[in-house]
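Down below is the structure, laid out as structure tokens.
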Amino acid sequence: MKFGIVVFPGSNCERDSFDAAVRALNEEAVYLWHQDTDLQGVDAVILPGGFSYGDYLRSGALARFSPMLNSVRTFAEQGRPVLGICNGFQVLTESHLLPGALTRNTSLQFLCRQVALTVENTKTLYTHQYTQGQTITLPIAHAEGNYFAQPDTIKQLEDNHQVVFRYAEDVNGSINRIAGICNKAGNVLGMMPHPERNLWKQTQWTGEGRPLFDSLYTSILKTLASV
Amino acid sequence: MMLTVSLELQQTLKEMNLTEGEYQKITNHLGREPNFNELGMFSVLWSEHCCYKNSRHLLKKLPTEGPRILQGPGENAGVVAIGDGIAVAFKIESHNHPTAVEPFQGATTGVGGILRDIFTMNARPIANLNSLRFGPINAGEDAQRNRYLFSRAVEGIAHYGNCVGVPTVGGEVFFDESYSGNPLVNAMAAGVLYDDELMESGAVGVGNPVLYVGSDTGKDGMGGAAFASRELDEASNEDRPAVQVGDPFSEKLLIESCLEAFQSGYVLSAQDMGAAGLTCSGAEMAAKGNKGMLIDLDKVPAREPDMKAYEYLLSESQERMLMVLDKGHEQAVIDIFSKWGVPAVVVGEVTDDENIRFLYHGEEVVNVPAKLLTDLAPSYKRGAEPPESERAKALRNRDPEEGLTDILLSEVGSWLEKLFGQLNIARPMGVFQQYDRHVQNNTLLASESNTSGVVRLRKKGGAFSPYSIALTTDCNPRYVYLEPWSGAKSAVAEACRNLACVGAEPLAVTDNLNFGNPEKPEIYYQLYYAVEGIKEACEAFQTPVTGGNVSLYNEHSGTAIYPAPVIGMVGLLENNATPMTPQFKSAGDEVALIGRFKPTLGGSEYQFLRQDEIYGRPPTISLQDEVRTLALVRQLIAESQVQSVSDVSLGGLLVSLVENTFKQNLSEQVGETGLGLALNLADLQARESLRLDALLFGETNGSYLISYLPDQKAAVQQACEEAKVAFEPLGAVLDSPVLTLQPDQKEISLQSALDQWRTTLAL
């Protein structure tokens, strides 16, 4: 199995995502350079955290125009898994692969801390190894994680169970304490908290972010088997 | 006629911060008068900031060698060997003056500069720390401005460190009136490198091309190094063009592209363009390599048209590097930089004449021996063993308890509340939660303040190694102010204790000497004895000094800061050790004090709280006892005999004890531990014949607080006896947030102290 991790100039969590694929799951991973278009036959794409293109203009706003993102868009439209973490989530909303926008935290400050999240939907590619309503702890590290969308969009997200992770308490002003959402088809997930930064405990790969990657792994295995 | 010229020259020299004697020295060496461009170069390279002319002879006294030292002072950063081919580069640097006039950019460029020092050595940056000293932000006439300076500096550090993707794992904040108008921002960074692949900075190979890499050269930061070597006054705000502007995005690209370019093997040496820009990096590379360098300024990428030679030479535009390449492989290296969108252009070559020469519009505008700019820069010895001023002596000789009536047992709760509401004791969470502390996935422990951050080291290729490094910065400037010699020793000892508290072995030091104007005898006295103190302590702990930074002239309107020789230290944990933490773990655990406990009110936070001034001798120190106790603490941690370890620091015994009942880990909600303490301090008080306030709030060196399971007590006590370290059981951890100091005493609620601790330093 092969994971593709997109590297924009200014990405800074590509190695953290590499840990998830290569060291936690023991699978292959390749870095996908923003100016290339070849997805190299990967089974899933991860848009990592960081400050793509310096986050100039708006977070994620310039990344959507990169050649690689065109390929990722096609990949997503084919129903293949695309996971955006932190800046990756911002890139996904800017690219309209996910609805809504991520605006400045209500504190107007960068906020780095561990947060409690509830897993709201365990029927996705990414979450079936969690239990419904389970509380997990993941770190956040962002200045723009305040999720916003029009009321009808929020209603659709809630009605379709597209809110996958919710903060246990308000941390950044997000509507309905939304921490992560998926698209209607469920193959594109964007989340502000970092599952790839809670992968290990001491020397064991048993962190609370691990089941997300295990879920993705078994989902891909199933797809591969059915082809 | 002669007089007019001389007056003009005098004025020019004054503006350039050069003395007439220095001008004479330049002229003598050149055999002619320097031209304006050359004079500008001397102005920056002979500034205190670049050549340490007032401190160089003192710094030579510091121990710099040890079995683990791969690189001591003299390169961009020091390097220590860890094991299995892994090495760590680290250094601290100040950005005080820029922060005083433009806090956001001043602080960001401080972080950017220190990171360049690290990756220039071919080390990937893995950790940042920041040691901050500002004027009080909650009271006093400058409170509003201090708050602005402080919060903007913190935002600047966050902005830069977060964007480049290097976790900020520790540091400290300290507030005192003496830093109003002249705050201190000391940034420390560490990076990892493998298989001794150190990049050096000396120019090599006559005829080899010199590559300019990074951002375009603009007019920002003109003469910043000279600016940093002056006292600040009301007019300093007009110096804002001397402050550089940082762009962490450019830096991030520079990090990635440089590390990739170094891997090609075609980069023979590299130097970042920091203070004094092109002038400094060119001259230093040439001088270090015993070569010359010829650079054509017309080839240097410029941010704006019609830049003068002088402006190219002295610009301190950020995120730029200079490299010497293996001739014939220029394109391969340039291609790597192009991939990352980083400008890279050949601007000159290495020559055999040991002179640094610059061409501008086809004409040679500078031609001076490189070593005259660097190695031969002036060094001023202001006399050995300078005398203490009468004023300082009188202050030090006052009784620390003078004017202070002792407190009653019934008042302890309210004093605790007041102390936890002091800026220097309150929890700086508002600061540290703005820093990304986990990026890179290696943070084992992120320290908030005055302890150590711990970062796991990876093997080459990225697999876990069994090693991690602990990092800390520390210095109590009050102790140094009252007694520079012992105060500096205390700073080294405190940094060592911070490392020992997590279980780490102290390896090496990088120091940042922040002082006032050394031309004043009182300041030179402080500097001289602080260096003596660092020397003595570093020898005792066997922690060589691998470099650092000197920042003098930290004065505002004629008043000097409290001297702050900030000690940055790196320690080692092996065998996949889990770092120990300071918090008490569960009710029923027993608590003891170990080590040399000699508290005094002299220079304490408590004395300052009550008297609004500090006086008397600060805590004494026994380096022998420190070394012995440190070894014991590390042994207790390694043998899993203790549940928690902290040292006794600011605020004294009781503040340190109570703080350990608060949850300090940002990962969890504060105030939830619900733990308290049942103490019995009567024996200790009687034996040391201390007043109650001196016992509870006096500050001391050499002491640690440990907690352990009751059935471990005998083993812990035995280990202490064998190590000849005093062991003093103090009581036990309770399951509710209350405190008693003796068995029959009414319980003191810790809630209001906790509230103060949490809320005082919110930003």
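The values are calculated or read from the model by the stated rules, or taken from the named source; none is laboratory data. None of the values given here were measured: they were computed from a predicted structure. When we count neighbours, we look across all protein chains shown, and the Cβ atoms used for this are built from the backbone with ideal geometry, even at glycine. Areas reflect the complete protein model, heavy atoms only, side chains present, ligands, DNA and RNA absent. Shrake-Rupley method; radii C 1.70, N 1.55, O 1.52, S 1.80 Å.
Conditions (1) of a type in the set (A, V, I, L, M, F, W, C); (2) closer than 21 Å to A:Arg64 by Cβ; (3) at pLDDT below 95, marked per residue:
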{"site": "A:Asp19", "(1), (2), (3)": "no, no, yes"}
{"site": "A:Ala24", "(1), (2), (3)": "yes, no, yes"}
{"site": "A:Thr37", "(1), (2), (3)": "no, yes, no"}
{"site": "A:Gly41", "(1), (2), (3)": "no, no, no"}
{"site": "A:Val45", "(1), (2), (3)": "yes, yes, no"}
{"site": "A:Tyr53", "(1), (2), (3)": "no, yes, yes"}
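Being crowded, with 24+ Cβ neighbours inside 10 Å, touching a helix residue (DSSP H, G or I) at 6+ places or on another chain (Cβ under 7 Å) and not assigned by TED's automatic domain parsing to the domain that holds B:Trp340 is a description that does not apply to B:Gly140.
Assessment of the stretch B:415-431 against the conditions (within 12 Å of chain A (Cβ to nearest Cβ), out of contact with any Leu (no Cβ under 6 Å at 6 or more places or on another chain) and open to solvent by 30 Å² or more (accessible area, probe 1.4 Å)) yields at least one matching residue. Looking only at the stretch B:591-611, how many residues end up being outside any loop (DSSP other than H, G, I, E, B) and among the hydroxyl-bearing types (Ser, Thr, Tyr)? Residues flagged as outside any loop (DSSP other than H, G, I, E, B) and among the hydroxyl-bearing types (Ser, Thr, Tyr) within the stretch B:591-611 amount to 2. Going by what's in this entry, would B:Val173 be described as in a strand (DSSP E or B) and not assigned by TED's automatic domain parsing to the domain that holds B:Gln434? Yes; evaluated as a whole, the condition is true for this residue. Can you give me the number of residues within the stretch B:275-310 that are part of a helix (DSSP H, G or I) and open to solvent by less than 30 Å² (accessible area, probe 1.4 Å)? The total comes to 12. For the stretch A:131-144, the set of residues classified as surrounded by 23 or more Cβ atoms within 10 Å (Cβ to Cβ) and either assigned to a loop (DSSP other than H, G, I, E, B) or at positive phi (or both) consists of A:Ala143 only.
For the stretch B:617-651, filtered to residues that are part of a loop (DSSP other than H, G, I, E, B), touching a strand residue (DSSP E or B) at 6+ places or on another chain (Cβ under 8 Å) and hydroxyl-bearing (Ser, Thr, Tyr), the residue that is nearest to B:Gln422 (Cα to Cα) is B:Ser649. The set of residues from the stretch B:457-479 being open to solvent by 10 Å² or more (accessible area, probe 1.4 Å) and within 14 Å of chain A (Cβ to nearest Cβ) comprises B:Arg458, B:Lys459, B:Lys460, B:Gly461, B:Gly462, B:Ala463, B:Phe464, B:Pro466, B:Tyr467.
In the stretch B:132-145 there is no residue matching the filter, namely being on the phi < 0 side of the Ramachandran plot, within 14 Å of chain A (Cβ to nearest Cβ) and not in a helix (DSSP H, G or I). Candidates B:Asp298, B:Asp326, B:Asp352, B:Asp335: the one that is more than 20 Å from B:Gln271 (Cα to Cα) and in the same structural domain as B:Val267 (by TED's automatic domain parsing) is B:Asp298.
Residues in the stretch B:432-450 that are among the aliphatic types (A, V, I, L, M) and either under 30 Å from B:Tyr606 (Cβ atoms) or at the interface with chain A (Cβ under 8 Å from one of its Cβ atoms) (or both): B:Val439, B:Leu445, B:Ala446.
Would you be able to say whether some residue in the stretch B:338-358 is open to solvent by 10 Å² or more (accessible area, probe 1.4 Å), out of contact with any strand residue (DSSP E or B) (no Cβ under 9 Å at 6 or more places or on another chain) and within 14 Å of chain A (Cβ to nearest Cβ)? Yes, the stretch B:338-358 contains at least one residue that is open to solvent by 10 Å² or more (accessible area, probe 1.4 Å), out of contact with any strand residue (DSSP E or B) (no Cβ under 9 Å at 6 or more places or on another chain) and within 14 Å of chain A (Cβ to nearest Cβ). Residues that are open to solvent by 40 Å² or more (accessible area, probe 1.4 Å) and in contact with a Phe, Trp or Tyr (Cβ under 8 Å, 6 or more places away or on another chain) do not occur anywhere in the stretch A:208-220.
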